[in-house]
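Read-outs: derived from the displayed coordinates by stated rules, not from any lab. All values reported here derive from a predicted model rather than from experimental measurement. No Cβ is skipped: glycine too gets one built from the backbone with ideal geometry, and neighbour counts run over all protein chains shown.
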Amino acid sequence: MTKIFITRLIPSSGLNLIKEHFQPDVWSHDLPPTRVQLLESVRGVDGLLCLLTEKVDAELMDAAGSQLKVISSMSVGVDHIDVSAATERRIPVGNTPGVLTDATADQAFALMLSAARRIPEAERYVRAGKWITWSPSLLLGADLAGATLGIVGFGRIGQAIAKRAQGFELRVVYYSPNAKPVFGAQPVDLNTLLKESDFVSINVPLKDETRHLVNENFLSKMKPTAILINTARGGVLDQNALYNALKSKQISYAALDVTDPEPLPMNSPLLELENCIIVPHLGSASKKTRDQMSVLAAQNLIAGLNGDILPNCVNSDVY
Ligand code: GLV
């Protein structure tokens, strides 16, 4: 019998598709399996459906065994998977691109507006009973209209942010070697982007080349009034450097959907800052998007188990 391990309860749209063909073993606890539990649970499986919370490395693939035919992640990012190790073992790796583009671009915009208009600070102010009167100078923020948005990484999500930015009358520049200009956005080099942008949105995948791309040097080139938005991966940003830049007001504000590590430890100094918004990795967190992601993940898993080419494969050199 084909053995499948699914590392968490995924939406029924995807799970039912899998159940039409197979009888998967589903980890149905709220917390992900520990490393030890994961190594134990994958033993002898033909297919693995994981989330971004699981580190899928060579050790895990070997613990599963040489019969492992497919690794399908219910995520677009695959930085939690050692794709080279999978390729060496001729295991196709699937991801879920496209369906979460709009939700993630919406989240970037939600964070941009929240930071610009200081919404979480304002909410804390009301709940603390500090709202005594309307004041001409209370909790003043920044305008979007007429400001410049710099998008670092102009792939699907970066472009969807640029599309939304047109409606908000933002000027958009981007840094992304080889990406074609769309939605009125203008390609520039990174130094120009950092020098000119009032908002900087990070939209690159986490790779060796992008780890700590946002470091002390990067932050020192931003405007003191600038707002940084990260909906990509926490590892793209050096959090100590960000803390120093926010604390010293070298930049004005940051809004993070992602951190390193996740969850962010409660003793992180970033949590002491008024000018930093942090939410728990919710870029794709809409009902419809998560349903669609589960369907794509299920389709990749089923294709891999049947020996077919995965509809969304990140290492198609295995074929
Ligand atoms: C979310 O961050 C994803 O990669 O799908």
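Express in % the proportion of alpha carbon pairs of the stretch 278-319 at distances exceeding 17 Å.
When every Cα pair of the stretch 278-319 is considered, 45 percent fall beyond 17 Å.
I need the helices of the chain that pass two filters: whole DSSP H segments spanning 24 Å or more by Cα along the axis, and mean Kyte-Doolittle score no lower than -1.0.
Flagged H segments are 287-305.
Listing Leu246, Leu282 from the residue with the fewest other Cβ atoms within 10 Å to the one with the most, what is the order?
Leu282, Leu246
What spacing in nm lies between the two simple spin-label points modelled at Asp317 and Glu209, each 7 Å away from Cα in the Cβ direction?
The answer from the label model is 1.4 nm.
In what sequence do Trp134, Trp27 fall when counting other Cβ within 10 Å, fewest first?
Trp134, Trp27
Normalised radius of gyration for the stretch 101-278, please: alpha carbon Rg relative to 2.2 N^0.38 Å, two decimal places.
So the Cα radius of gyration is 1.00 times the expected 2.2 N^0.38 Å.
Pulled fully out, how much extra length does the chain show between Gln37 and Leu138, if you take 0.36 nm times their separation in residues and subtract their Cα-Cα distance?
Length gained, Gln37 through Leu138: 31.2 nm.
For the chain, take the alpha-carbon Rg, divide it by the Kirkwood Rh, and send me Rg/Rh.
Rg divided by Rh gives 1.01.
If every alpha-carbon in the stretch 179-291 counts as one equal scatterer, what log10 I(q)/I(0) does Debye give at q = 0.14, 0.17, 0.19, 0.22 1/Å?
Here log10 of I(q) over I(0) equals -0.59, -0.85, -1.04, -1.31.
Straight-line reach from Lys287: which aspartates and glutamates have Cα under 18 Å away, leaving out those fewer than 8 places along the same chain?
The qualifying aspartates and glutamates are Asp30, Asp102, Asp106, Asp257.
To the nearest 0.05, how large is the calculated FRET efficiency for Leu113 and Ser66 if R₀ is 51 Å and r is the Cβ-Cβ distance?
After rounding, the FRET efficiency stands at 0.50.
On a full-extension model of 0.36 nm per residue, what is the gain between Glu196 and Asn16, subtracting their alpha-carbon distance, rounded to one decimal in nm?
Extra length from Glu196 to Asn16 when fully extended: 59.9 nm.
Give the residues of the stretch 229-272 whose amide nitrogen is closer than 16 Å to a point set 7 Å from the Cα of Lys130 in the direction of its Cβ.
It comes to 272, nothing else.
Taking 7 Å along the Cα-to-C-beta vector as the label spot, tell me the Glu59-Gln166 distance in nanometres, rounded to one decimal.
4.9 nm
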